[in-house]
Each structure stands twice: as structure tokens, then as C-alpha cells.
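Taking it in order: structure first as C-alpha cells, then the write-up.
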Amino acid sequence: MLVALTAWALGWPVERAAYLAPVIVVAAAALVGLVLLWGKVAYQALRESRRPKLVLTLWVVGLALLVVLSILGVKLPREG
């Protein structure tokens, strides 16, 4: 399933993605692990905060702002 999904998402032939199946599986497992870890950290921080509704609102607003700016194609300035 991961191989077929990767082949479709990247526009690769299924044979090419099949050669990379071990890499795809390890990368997917690492991604799931990171999401679970940071989800647990965020949940714990939210539980320990004095004003969890405010914190949650700020998180949602920040993520919505990132999505809107990405859709609009705003590029942030770079140093150097």
C-alpha cells in the first residue's frame, strides 16, 4: 500500500517504487514515530498550561496562518 501510494504521489512507475520499498517503509515508520512523539509533547504541554483554551486557539491560528500564507505563495525573506 505504501509503495503504491508513493508511486502515485511522486509519479513514479510502481516498479521503481518497489525497489525502494524498504526505504519507503522505514521513512513512513519514522514519520509516524515523529508525529506520535510531537503529538505527545504538545498534549502534555497543553495539559500543563494554565490557560489551555488560549494555547490551543493560538496553535490553531498559527497553523491556519501558515496554510493561508502557503496557499497564497508568500515567500519569506532570506538572510545573506
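The values are calculated or read from the model by the stated rules, or taken from the named source; none is laboratory data. Treat the numbers as computed from the prediction; the structure is a model and nothing was measured. Neighbour counts are summed over all protein chains in view; Cβ atoms, including those assigned to glycine, are modelled from backbone coordinates with ideal geometry. Surface accessibility is based on the protein's heavy atoms, side chains included, excluding ligands, DNA and RNA. Shrake-Rupley method; radii C 1.70, N 1.55, O 1.52, S 1.80 Å.
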- Query: How many residues are open to solvent by 90 Å² or more (accessible area, probe 1.4 Å), more than 30 Å from T57 (Cα to Cα) and part of a helix (DSSP H, G or I) when one looks only at segment 1-44?
  - Reply: 8
- Note on the structure: When restricted to L76, L54, the only residue over 19 Å from the mean Cα position of the chain (by Cα) and at pLDDT below 90 is L76
- Out of curiosity, is G73 on the phi > 0 side of the Ramachandran plot and out of contact with any strand residue (DSSP E or B) (no Cβ under 9 Å at 6 or more places or on another chain)? yes
- Quick check: is even one residue across segment 46-55 within 22 Å of L2 (Cα to Cα) and either open to solvent by 80 Å² or more (accessible area, probe 1.4 Å) or part of a helix (DSSP H, G or I) (or both)? no
